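Shown next, in structure tokens, is the structure this report addresses.
Please treat every number below as a calculation from the coordinates, not as lab data. Since this is a predicted model, take the numbers as computed values, not measurements. Don't worry about glycine lacking a Cβ; one is built from the backbone with ideal geometry, like all the others, and counts go over all protein chains shown.
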Amino acid sequence: MKYFSTRGDIRDDARALTASQSIIKGIADDGGLYVLEKIPLMEKNLHDSADLNYNELALWLMQKFFSDFTREEIKFCVDAAYNAENFFAPKIAPLVHAAGTSFLELFHGKTLAFKDMALSILPHLMTTALKKNKNPKTQVILTATSGDTGVAALEGFKDIDGIKIIVFYPENGVSVIQKQHMITQNGKNMKVVGVKGNFDDAQSEVKKILLDKELTAQLASDGYEFSSANSINTGRLVPQIVYYFYAYSQMKISEPINFTVPTGNFGNILAAYYAKKMGLPIAKFICASNENKVLSDYFDTGVFDSDRPFYLTSSPSMDILIPSNFERFVHDLAPENLQERLRNLSAKKRFELDVPKDFVGFFATEKEVRAAIKKVFSQGYLIDPHTAVAFAAQEKSGENGVIVSTASPYKFAKTVMTSIDSKYEKYDDFELLEKMAELTKTKVPAQFEGLKNREVIHKNVAEIFEMKKSVMDFLKDN
């Protein structure tokens, strides 16, 4: 089970990596993302796995992708990640039936977002991989975030020996709660930097830094090595496949189902696509976009076109026009023409590609997102703006199935509460945490208690061109 770059030649075995090596490296030297030559198939009937708990299912599936890890090593990583200390729901990813549909709740981890599903295990996979490969270098994790990846990565890698982490986020492109959660994170091995630009700007610059050969050589001489915690890393992407199988097992049915996925960087819905290739009976993928609808437009027209206005929305994790993981998808559909399409994307910001028949795309305006939050709440269930995008998209599709719910509504209290009733406009985000608790007869999550008054530790703000200097300054000072 070797991993190859999307931009390389799968026949070039000399450049292939093992699973553990791909996790350490993160991104290929040629700028491509690591993929398996062939997605592994299930070896047992789905009914045989229906009664497995989350950890057992994760162990079974991850062994297929991380073949140079021993069973005991993967079990250690799985059990270290998915436990009562890190997740506050006994089922880890419960399926809730409400408002005439089903919601797969992926926000019961430490940072209340679906990124915890993978970033709780990635640090264990990475440290195990480093030991396995006898790699003595300190790993420098560079991550761009549109909101939730940042705090989940900071929490996951906090104070782990041999690892330093730097998170870049769009200064004006995340929610107040998300920002406060990041800039108050304490840990001896971390730095958080706001950037004057959007997520695409930050992500593009992070990739440039990761691929800077001169800088990489300089850091290597000092005992450092770059890696990533974004879903470009196979150790981030593969664990996301698990919860699609888990959702299906909770449905207790035998026929194919639909998944509606709020989509930004394309990692979440790509994991669902890989699950289907493994044998999970999925009928349709409903790709849900906000007003940055580059993906829903592609699935509607067969034209990927990123030359369009960028919008700041109430669902910031989806405010993306150049989704990294889409390259893996294109490579799987048409590997022979990938390079041409990448050149067209660079020069013309567009390319054409036939849309698979099992994918459809729909988007939701800001008005429709607010209406969806209000409608679902009127039926006794509260959702965040990203999940509301998916709910609105699923309604437009005329289909039903499982909506992938990616964040707790507490993370977006202002949007959620003002969508329910305009009377909440007068309160700030932190006051609305308490108002939401009163309205729903729940408790403010412990992670957010006293958040407003926590000490701000990370005060750096940089221009995009200053991001590289921010990395160097952090390593020099640490």
Using Stokes-Einstein with the Kirkwood hydrodynamic radius over Cα pairs, what translational diffusion coefficient do you get for the range 358-478 at 25 °C and a viscosity of 0.890 mPa s, in µm²/s rounded to a whole number? 144
Rounded Å value of the spacing that divides the Cα centres of the range 169-195 and the range 218-272: 23
For the range 56-130, what is the convex hull (Cα atoms) projected area averaged across all directions, in square nanometres? 5.5
Extreme residue, positive dipole direction of the chain, given options PHE465, ILE39, LEU353 (C-beta unit charges): PHE465
Could you tell me the calculated FRET efficiency between LYS348 and LEU475, based on Cβ-Cβ distance and R0 = 35 angstrom, to the nearest 0.05? 0.40
Rounded to the nearest 20 debye, dipole of the chain from Cβ charges on Lys, Arg, Asp, Glu: 260
Taking only the alpha carbons of the chain, the radius of gyration and the largest Cα-Cα distance, Dmax, both in angstrom, are 20.9, 63
Nothing charged except the Cβ atoms of Lys and Arg (+1) and of Asp and Glu (-1): what's the magnitude of the dipole of the range 206-260 about its Cα centre? Round to the nearest 20 debye. 200
Could you tell me the convex hull volume per residue, in Å³, taken over the Cα atoms of the range 2-71? 100
Calculate the all-directions average of the projected area of the range 11-149's alpha-carbon convex hull, and give it in nm². 11.2
Principal axis box of the range 173-292, alpha-carbon based, largest edge first, Å: 55, 35, 28
Could you tell me what percent of the DSSP beta bridges with both partners in the chain are antiparallel, to the nearest 5? 25
Work from the charge dipole of the chain (Cβ charges, +1 for Lys and Arg, -1 for Asp and Glu, about the Cα centre) and give the residue of MET251, GLN185, PRO170 farthest towards its positive end. GLN185
Over the range 344-409, equivalent-ellipsoid semi-axes from the Cα gyration tensor in Å: 29, 15, 10
Given +1 on the Cβ of Lys and Arg, -1 on the Cβ of Asp and Glu, and no further charges, what dipole in debye does the range 266-311 carry about its Cα centre, rounded to the nearest 20? 320
Please compute one quarter of the surface area of the Cα convex hull for the range 291-334 and express it in square nanometres. 3.3
Plugging the Kirkwood radius over Cα pairs into Stokes-Einstein for the range 259-383, at a temperature of 10 °C and a viscosity of 1.306 mPa s, what D comes out in µm²/s? 103
When MET467, MET117, MET417, MET278 are ordered from fewest to most other Cβ atoms inside 10 Å of their Cβ, what list results? MET278, MET467, MET417, MET117
Only helices counted: for the chain, with every DSSP H run of 4 or more residues adding -39500 (n - 2.57) and the sum spread over all residues, [θ] at 222 nm is -12500 deg cm²/dmol
When Rg is the radius of gyration of the Cα atoms in the range 333-379 and Rh is its Kirkwood radius, what does Rg/Rh come to? 1.27
Exposure proxy check on MET1, MET318: fewest-to-most Cβ neighbours within 10 Å is MET1, MET318
Along the positive direction of the dipole of the chain (beta-carbon charges: Lys, Arg +1; Asp, Glu -1; about the Cα centre), which of LEU119, ALA99, VAL330 reaches farthest? LEU119
Residue separation between MET42 and ASP297 times 0.36 nm, minus their alpha-carbon distance, gives in nm 88.5 nm
One point scatterer per Cα, no solvent, Debye formula: log10 I(q)/I(0) for the range 52-91 at q = 0.14, 0.19, 0.26, 0.34 Å⁻¹ comes out as -0.30, -0.52, -0.85, -1.16
